[in-house]
Amino acid sequence: MHLLRKFSRKVALGISGGVDSAVSGLLLKQKGFEVIGVFMRNWDQLEEQGYCKSNQDEEDAKWVCTKLDIPFKSVNYIKDYWNSVFSELIQQYINGCTPNPDILCNKHIKFGKFYDYAQNVLDCDYIATGHYANCSIDFMKQSSPENRAVHLLKAKDQRKDQTFFLCNISQNALSRTIFPLGNLTKRQVKKIAVESSLKRLADKKESVGICFVGTRSFKSFISEYIPPSPGCFIDIESGKVVGKHNGRHNFTIGQRCNLQGTEKPYYVVQKLKDSQDMHVAMGRDHRALFSNYFETELAHWISDVPRQLVEPVSGVFECEFRFQHTHPLRKCTVMRTNSKLIVNSLDEVSSLAPGQYAVFYLGDRCLGGAVISDTGPSNYILQSNKIE
Ligand SMILES: Nc1ncnc2c1ncn2[C@@H]1O[C@H](COP(=O)(O)OP(=O)(O)OP(=O)(O)O)[C@@H](O)[C@H]1O
């Protein structure tokens, strides 16, 4: 039994009802894998009175499996999603932070619960998803695992690369993961769909933003979970109150405040500790939005911990980072103490927010990510000598 399993190529594929996972299934089948399609239900439709389109997505996922002639399974992770993703999200907003639900979902649900289910219930050798990313071991080409750590690598299509969202997945799961689209562009994926029986999905609207928010504004969605908590907008230069708001969870750093009758638009530059008040500054280019320095919690490293950051020695590790998926990578140095990382960006960056993830890269490798805990003094504070 053990020997048989070693040479089998059974894979559980996350099927979302979109074109990427559908084409992933097609490619896996063409390579001779035994594929099982699994749809994950993560959000409770009933509570949201039809705002989330997961029923339609499940129907589409089923349709894909029929077209590919593979078994279809639906798993319910609503409770897990609520406990390990959504509650954390709400708590972070209440604390004045800017969380990232996609990173949490990948860690706990797709590469956590789903990986466990594939291994322990479906008895699969691998999991697969339609993420644009690569693994240093490619199970599409080789069948047996290696005895060294597996690295997470950027996708060939740099504009679609999704490694940012995968920065917190475990080595365990990654070493059994296939990303069939890692070396394809989105255009190639759509072409494959059009030329196959999956044509219908090529033009399906892509999911953007947070799935469970649906078509409503984020403000109206979040107000169902966090009560209003009024506070003031305080001009960082004059110290004067220039407006009021209904809750800092509705704002992130760098967001426009929409105050009437001001010379230039105001932007949020800092959420104050121990109150609902926020510092704001005039103009998108205000120095208070920019800094070169921030601190993070200790990082999750996907494969090896960088040599310079291994305890107890603390050297200086040079790499690149981004804190938003669409941002270009920037050079930085990283040092560590017992409880945090200290990051210095070579170029100044705008609108860093606590709660966001700093994701670190070395060449093509996504090394891992860490939650930003303190954004440090802005360049305005440093230049105007306002540090107490
Ligand atoms: N509800 C779900 N059930 C099963 N797998 C999912 C689900 N949502 C996402 N996935 C998996 O995670 C991958 C990435 O999801 P994401 O939402 O970022 O991608 P996408 O580009 O919209 O993908 P797709 O075109 O397949 O919907 C999907 O390709 C799929 O393999």
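A short reminder: the numbers here are calculations on the coordinates, not readings from a lab. Since the structure is predicted, the reported quantities are computational estimates derived from the model, not experimental observations. Because the Cβ atoms are built from the backbone with ideal geometry, glycine has one as well, and the counts that use them run over all protein chains shown.
Data table
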item	result
Residues being under 31 Å from the mean Cα position of the chain (by Cα) and either under 10 Å from HIS279 (Cα atoms) or of a type in the set (S, T, N, Q) (or both) - total across the range 237-262	6
Residues being aliphatic (A, V, I, L, M), assigned to a loop (DSSP other than H, G, I, E, B) and surrounded by 18 or more Cβ atoms within 10 Å (Cβ to Cβ) - total across the range 234-276	2
So LEU153, is it in contact with a Gly (Cβ under 8 Å, 6 or more places away or on another chain), over 23 Å from VAL371 (Cα atoms), buried (at least 18 other Cβ atoms within 10 Å of the Cβ) and in contact (Cβ under 8 Å) with a residue 60 or more places away in the chain	no
Enumeration of residues in the range 66-85 that are part of a loop (DSSP other than H, G, I, E, B) and more than 17 Å from LEU28 (Cα to Cα)	TYR77
Residue that is farthest from the ligand (Cβ to nearest atom) [pool: residues in the range 99-134 that are under 30 Å from VAL268 (Cβ atoms) and in contact with a strand residue (DSSP E or B) (Cβ under 9 Å, 6 or more places away or on another chain)]	PRO99
Residue match in the range 333-356 (condition: in contact (Cβ under 8 Å) with a residue 60 or more places away in the chain, over 23 Å from PRO101 (Cα atoms) and not small (Gly, Ala, Ser))	no
Any hit, the range 359-373, residues being touching a helix residue (DSSP H, G or I) at 6+ places or on another chain (Cβ under 6 Å) and surrounded by fewer than 21 Cβ atoms within 10 Å (Cβ to Cβ)	no
Pick from the range 144-187, criterion away from the ligand (no atom under 14 Å from the Cβ) and small (Gly, Ala, Ser), ranking: farthest from the chain's Cα centre (by Cα)	SER144
Near pairs, Cβ below 6 angstrom, 6+ apart or cross-chain, from the range 277-289 (in contact (Cβ under 8 Å) with a residue 40 or more places away in the chain and part of a strand (DSSP E or B)) to any residue that is basic (Lys, Arg) and buried (at least 20 other Cβ atoms within 10 Å of the Cβ)	MET278/ARG248; MET278/LYS271
